[in-house]
Amino acid sequence: MTELLLRGRILTFHDEPLAGETSPEAFIYLEDGALLVRDGKVVALDDYARLRGGEGRNVEVIDHHPHLIMPGFIDTHIHYPQMQVVGSYAGALMEWLNKYTFVEEQKFSNQGHPERIASALFDELIRHGTTTAAAYCSVHKASVQAFFTEAHRRNMRMIAGKVMMDRNAPPSLLDTAQSGYDDSKALIDEWHGKGRQLYAITPRFAPTSTPEQLEMSGTLVREHPELHVQTHLCENNAEIAFVAELFPWSRDYTHVYEHYGLLGPKTLLGHCIHLTDAEIGAIANSASVAVFCPTSNLFIGSGLFDLARLRASDPQVRTAIATDIGGGTSYSMLRTLDEGYKILNIQGQRYHPLRSFYQVTLGNARALSLEGNIGSFVLGAEADCVVLNARATPAMRIRMETVETLVEELFLMQTMGDDRTIAEVYVAGRAAKSTLTS
Ligand code: GUN
Ligand code: FE
């Protein structure tokens, strides 16, 4: 049996480096490291000099020096039907949704369109070093079929679900409480746990679901407590006012999801920008995850995610970071970290580069309850890796001349990097970027 040995500088986390580089217990960094992969899984991580001892074995060695090998990046919130929405010139959320997004998503009932976009999406994710994503499909069952079929073919670890929406959108984008439930059930049966695929119960957000649909979503959660739930929360003030009108009995927006049993440790809440203290308490106590979408929040003008406030609550709110394509403007988790850094910095919140790279790997894996599977190189982890080149452009090369430490290099890649920084990607131990055909 052929084993693969990836040699290079290697960085992987086993905890959040809260104190930056003075948290050495939180990460492993090897100057001349080796990652041994068998059957798509990590079987050893050590200095190259120690691991190469197994001569005689059938090992293919690939040396990525001077590049940096890390676990593949994880995007915790992306809309795959919005690849052709990115960069739409809209005002705030509601205009953006009605004028562009809901128009574009209708195309997913066209023959062949979901397949074409799904294929383009996975190419783009790989190009940018993202090996796992939590994705919204469109309301159409066929969009989910296309997504999972392509993810399964590429053996990529993906989380996705059919958007449920039964009001306040164009008629051709609406399901019903019953059909949303039935279609979700059929997709769960077919896809959840097939290869590396995981299903997420996906009511789009409170404004586009009737009470009956949210009730049915809660039923799905009770019937399948192991599944993720993904939705949007408190992104924009007009959205919040609309929810108050639609659900007059609710104390606040978060209470709507709480009422229907949609909060919990597998629940991913996109945005969480405009929250009251009571809402933060409810999110924290349910162990739901607040998902920070920096490029989207800036582009749609939604507001500034207040990480320090969420983490000051007791218990702390669990958090993740994501692109939110196509409200977001880049597929790159490096670009996402860069914009996230600026949003925090403008609020006086410093965020250390080691924490950034923890967040897009192990941090996001933990937020998805997938620690041990993805996001690190612990033994038995799935061998999804990204190979980072800090000298990918002339501007980065000249800047690298003055870089002396790993932390400076990471911060440079976060600040100046994009898809060109991604030298190679491995999906379950298979080279995926150099083998892209388009
Ligand atoms: N709220 C409801 N749907 C969406 C969406 O597609 N994108 C964003 N950013 N917010 C939403
Ligand atoms: Fe979104």
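The values are calculated or read from the model by the stated rules, or taken from the named source; none is laboratory data. Quick caveat, the model's predicted, so the values are computed rather than measured. Because the Cβ atoms are built from the backbone with ideal geometry, glycine has one as well, and the counts that use them run over all protein chains shown. These area figures cover heavy atoms from the full protein model, side chains too; ligands, DNA and RNA do not enter into them. Shrake-Rupley method; radii C 1.70, N 1.55, O 1.52, S 1.80 Å.
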Percent of Cα-Cα distances greater than 35 Å, calculated over the chain: 26 percent
Rounded tilt (10° steps) of 141-153 against the dominant C-alpha axis of the chain: 10 degrees
Span from the region 98-174 Cα centroid across to the region 361-434 one, whole angstrom: 26 Å
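Quick one: length gained pulling residue 98 to residue 237 fully straight, 0.36 nm per residue minus the C-alpha distance?
Values: separation 139, 0.36 × 139 = 50.04 nm, distance 1.63 nm.
Going from the current span to full extension adds 48.4 nm.
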Ranking by accessible area, most exposed first, for 196, 311 with a 1.4 Å probe: 311, 196
Label-point separation in nm, residue 39 to residue 245, each point 7 Å along Cα→Cβ: 5.7 nm
The chain: angle of helix 211-223 to the longest principal axis, Cα-based, in degrees nearest 10: 40 degrees
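Per residue, how large is the accessible surface of region 312-437? Use a 1.4 angstrom probe and give square angstrom. Don't skip to the end; give the middle numbers.
Values: 4690 Å² over 126 residues.
Result: 37 Å² of accessible area for each residue.
Quick check on the chain: helices-only [θ] at 222 nm, where DSSP H runs of length 4 and up contribute -39,500 (n - 2.57) each and the sum goes over total residues. Nearest 500, please. Intermediate results must be reported in sequence, preceding the final value.
Details: 17 runs with 147 residues, N = 438.
Computed mean residue ellipticity for the chain: -9500 deg cm²/dmol.
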Solvent-accessible heavy-atom area per residue, rounded to whole Å², over region 182-298 at 1.4 Å: 32 Å²
Between region 1-62 and region 288-340, the alpha-carbon center distance in angstrom: 30 Å
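So if a site counts as exposed when it's one of the GluC sites (Glu not before Pro), its DSSP state isn't H, G, I, E or B, and it has at most 15 other Cβ atoms within 10 Å, what's the longest stretch of the chain without one?
Values: sites that count: 55, 226, 401, 404.
The longest uninterrupted stretch comes out as 227-400.
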GNM flexibility winner over the chain from 78, 28, 280 (Cα, springs under 10 Å): 28
Contour excess over end-to-end distance, with Cα ends at residue 15 and residue 47 and 0.36 nm allotted per residue: 9.5 nm
Of all accessible heavy-atom area on region 73-331, the percent that carbon and sulfur account for (1.4 Å): 53 percent
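Calculate the dipole size of region 73-331 relative to its Cα centre from +1 charges on Lys and Arg beta carbons and -1 charges on Asp and Glu beta carbons; express the result in debye to the nearest 20.
Here region 73-331 has a charge dipole of around 680 debye.
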Residue 313-residue 116 pseudo-label distance in nm [points 7 Å out on the Cα-to-Cβ vector]: 4.3 nm
Helix 237-246 vs. the chain, principal-axis angle (Cα, 0 to 90°, nearest 10): 40 degrees
Most fluctuating residue given options 33, 193, 218, as computed from a GNM of the chain linking Cα atoms under 10 Å: 193
Within a Gaussian network of the chain (alpha carbon springs, distance under 10 Å), most fluctuating of 152, 259, 77: 259
Residue-by-residue Karplus 3J(HN,Hα) for region 345-358, coefficients 6.51, -1.76, 1.60, Hz, glycine and proline x: 4, 5, 9, x, 10, 7, 10, 6, x, 5, 5, 4, 6, 4
